[in-house]
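> Provided herewith is a single structure, encoded as C-alpha cells, for subsequent inquiry.
The values are calculated or read from the model by the stated rules, or taken from the named source; none is laboratory data. Remember, it's a predicted structure, so these values are computed and weren't measured experimentally. Neighbour counts are summed over all protein chains in view; Cβ atoms, including those assigned to glycine, are modelled from backbone coordinates with ideal geometry. Note: accessible area is taken over every heavy atom of the protein model, side chains too, but ligands, DNA and RNA are not part of it. Shrake-Rupley method; radii C 1.70, N 1.55, O 1.52, S 1.80 Å.
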Amino acid sequence: DAMVIQNPRYQVTQFGKPVTLSCSQTLNHNVMYWYQQKSSQAPKLLFHYYDKDFNNEADTPDNFQSRRPNTSFCFLDIRSPGLGDAAMYLCATSRDFGLSSYEQYFGPGTRLTVT
Amino acid sequence: GNSVTQMEGPVTLSEEAFLTINCTYTATGYPSLFWYVQYPGEGLQLLLKATKADDKGSNKGFEATYRKETTSFHLEKGSVQVSDSAVYFCALSVTQGGSEKLVFGKGTKLTVNP
C-alpha cells in the first residue's frame, strides 16, 4: 500500500512558469519534509512542517514555498523556476521528531525538468 | 559543520560477492547514523541505523557499525544478490533549532550481476 504519494512523477515546466508539486500521506504523521536532489548529489532538505508549524532551511531560496492545508497533504511551489531548479524533489514524513526513534518514510519523488 | 562522505560509485559486483561501501562523517555532538536504500523507481527506504558508538545496525544481511574513533559507518554484506542492486545513501542526524534533520551523502550505486 502506498504510504507517501507524490504527483506527478515527472513534471516539465517552462523557465519562469510557476509549478506546484504535490505530496500526500496515509500515515497520519505529524512531520512532512521536502528535499531537493540534483543529479549525483545528496538529497538536501528544503523545509519541513511539524503539523502546521513551518520551518525553512536557512539556505532555501525564496523562490521555493510550501503549503500544508491539512495533515495529509503538502505542496511545494516554485514561483519562477530556473534551469538550476531541475532536480528530483522528494517528500518524506515521520510520526514525530527524533530520528533515532521515528523513521522517515519517503515518496518516490517527482522529477522536474525546466525547459 | 556536519557532512557525510561516501565512496564514489558505481560499484559493480557479481552475485555472492562481498560488499563494502565506505562512509565517513563529520559532526558536532553525537549523531545517529543511517543507511538508506533507493531501489529503481522508488523512494528512499531506511535500511539500518545505529544511535550510539559501537552500536551495530543490521537488516536483510547488511551490517554497519558506528565507529566513533574513525568517524565511520561502513556498510557490509557477505553475499550480495541481484535484488540488492540499488543506490545506497549514508546519512547522519543533526539537531538544529529544536528540530532534527538528516544530512545525506551523495549515494553509491550498486549493480549486482548474475
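> Relative contact order (percent) for chain B, with alpha-carbon contacts under 8 angstrom and 6 or more residues of separation? Intermediate values should be presented prior to the final figure.
On the way: 293 pairs, mean separation 40.7, N = 114.
About 36 percent, as a whole number.
> Anything over 18 Å Cα to Cα? Flag those among A:K38/B:K49; A:K44/B:K106; A:K44/B:K56; B:K52/B:K77; A:K17/B:K106; B:K49/B:K77, in the order listed.
Values: A:K38/B:K49 25 Å; A:K44/B:K106 10 Å; A:K44/B:K56 26 Å; B:K52/B:K77 21 Å; A:K17/B:K106 29 Å; B:K49/B:K77 15 Å.
From the list (A:K38/B:K49; A:K44/B:K106; A:K44/B:K56; B:K52/B:K77; A:K17/B:K106; B:K49/B:K77), the Cα-Cα distance tops 18 Å for A:K38/B:K49; A:K44/B:K56; B:K52/B:K77; A:K17/B:K106.
> If the only charges are +1 at each Lys and Arg Cβ and -1 at each Asp and Glu Cβ, what is the size of the charge dipole of region B:16-76 around the Cα centre, to the nearest 20 debye? Each step should come with its number before you reach the end.
Working: 6 positive and 7 negative charges, 42 e Å.
It comes to approximately 200 debye.
> How much FRET efficiency would the formula 1/(1 + (r/R0)^6) give for A:S40 and B:D54, where r is the Cβ-Cβ distance and R0 is 22 Å, rounded to 0.05?
0.10
> Take the Cα coordinates of chain A, assign each an equal point scatterer, and use the Debye formula without solvent to give log10 I(q)/I(0) at q = 0.12, 0.20 Å⁻¹.
The computed values of log10 I(q)/I(0) come out as -0.38, -1.07.
> Sticking with this structure for a sec: Mean separation of Cα pairs under 8 Å and 6+ residues apart, divided by the residue count of chain A: what relative contact order is that in percent?
Normalised by residue count, the contact order of chain A is 38 percent.
> What percent does the relative contact order of region B:53-104 come to when contacts are Cα pairs within less than 8 Å and at least six residues apart?
Working: 54 pairs, mean separation 10.5, N = 52.
Relative contact order here is 20 percent.
> Report the A-B buried area as the accessible area lost on both sides summed, probe 1.4 Å, in Å² to the nearest 100. All intermediate terms of the calculation are to be shown ahead of the outcome.
On the way: alone 6380 and 6220 Å², together 10910 Å².
Buried surface at the A/B interface: approximately 1700 Å².
> How much accessible area per residue does chain A have, counting only protein heavy atoms and a probe of 1.4 Å, in square angstrom? Don't jump to the answer; show the numbers that get you there.
Working: 5530 Å² over 115 residues.
Solvent-accessible surface per residue comes out at 48 Å².
> Return the aspartates and glutamates within reach of B:K60: Cα separation strictly under 15 angstrom, same-chain partners fewer than 8 residues apart disregarded; answer none if there are no such residues.
B:E16, B:E76, B:D84
> Check each of the chymotrypsin sites (Phe, Trp or Tyr not before Pro) in region B:1-72 and keep only those in coil by DSSP with at most 15 other C-beta atoms within 10 angstrom; list them in order.
On the way: sites: B:F18, B:Y25, B:F34, B:W35, B:Y36, B:F62, B:Y66; in loops: B:F18, B:Y66.
Answer in residue order: B:F18.
> Now, a different point. Rounded to the nearest percent, how much of the accessible area of region A:1-88 (1.4 Å probe, protein heavy atoms only) is carbon and sulfur?
Values: 2230 of 4600 Å².
Within region A:1-88, the accessible surface is 48 percent carbon and sulfur.
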